[in-house]
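The values are calculated or read from the model by the stated rules, or taken from the named source; none is laboratory data. Just so it is clear, the model here is predicted, and its values are computed rather than measured. When we count neighbours, we look across all protein chains shown, and the Cβ atoms used for this are built from the backbone with ideal geometry, even at glycine. Each accessible area value is taken on the protein alone, full model and side chains, heavy atoms only, with ligands, DNA and RNA left out. Shrake-Rupley method; radii C 1.70, N 1.55, O 1.52, S 1.80 Å.
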Amino acid sequence: MQTDSVLPLALLIGFVAGLRSLTAPAAVSWAAHLGWLDLGGSALAFMGSTLAVIIFSVAALGEFAADLHPATPNRTTPGPLTARVILGGLSGAALTLAAERSLLAGALLGGAGGLIGAFAGYHARTRLTAALQNGKLIAVIEDLIAIVLAITIVSR
């Protein structure tokens, strides 16, 4: 991970968490597991474990499926919004730790990105769904955007 660009990347991985709360930590976990991010010896070293990869990956896949269900709560309600901020903060902190930068800065930026992503994603999805009358298509497109953005971020 390049140290000069890690702070904006921490904000962006948080943004991903705002779109899909579990995609960001799943991508970070895979990156640590594959050696793209060095979290060894840090407080977040567990993120690179096989167990973490499995848990975050399965949870992310479950979130993709649940997102298509009409009874899924809105991402801007307190519970889901809090999860996005926390998971964005965790993901941002992992990026900054891997770049030997401040865990606190990464957590704060990742959390802020989670908040921004949640509201930006909500408004974009609401407007696009109203315009195109196809909420499931918009959800799948949003999934793909989150996945591609997450992979791009963690591979830097």
Open item on the list: Solvent-accessible area of SER49, probe 1.4 Å, all protein chains present, reported in Å² to the nearest ten, please.
Closed with: 50
TODO: Report the label-to-label distance for ILE151 and ALA66 in nanometres (one decimal), using points 7 Å from each Cα along the Cα→Cβ vector.
DONE: 2.4
Open item on the list: Per 0.36 nm of contour for each residue apart, how much would the distance between THR50 and ASP4 grow if the chain were fully extended, relative to their Cα-Cα spacing?
Closed with: 13.7 nm
- [ ] Using only Cα atoms, tell me the angle between helix 78-98 and the longest principal axis of the chain; keep it within 0 to 90° and round to the nearest 10.
- [x] 30
TODO: Could you calculate the contour length gain from ASP38 to ARG127, that is, 0.36 nm times the residue separation minus the distance between their Cα atoms, to one decimal place in nm?
DONE: 28.1 nm
Open item on the list: Let's test this: bin the Cα-Cα distances of the chain at 10 Å from zero up to the farthest pair and state each bin's percent.
Closed with: 13, 44, 31, 11, 1
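For the chain, report the accessible area per residue in Å² (1.4 Å probe, heavy atoms, rounded to an integer).
I get 48 Å² per residue for this part.
Let me know the Kirkwood hydrodynamic radius for the stretch 5-71, please, with Cα pairs as the basis and the value in Å to one decimal.
12.5
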Open item on the list: At 1.4 Å probe size, with the rest of the protein present, what percent of the exposed accessible area of the stretch 48-100 is carbon and sulfur atoms?
Closed with: 76
Task: q = 0.18 Å⁻¹, the stretch 99-153: log10 I(q)/I(0) [Debye, one scatterer per Cα] - done: -0.71
Open item on the list: Using only Cα atoms and rounding to the nearest 10 degrees, what angle (0 to 90) does helix 50-67 make with the longest principal axis of the chain?
Closed with: 20
TODO: Compute the acute angle (0 to 90°) between the alpha-carbon long axis of helix 6-19 and the principal axis of greatest extent of the alpha-carbon atoms of the chain; round to the nearest 10°.
DONE: 30
Task: For the stretch 55-117, alpha-carbon Rg and Dmax in angstrom - done: 13.2, 42
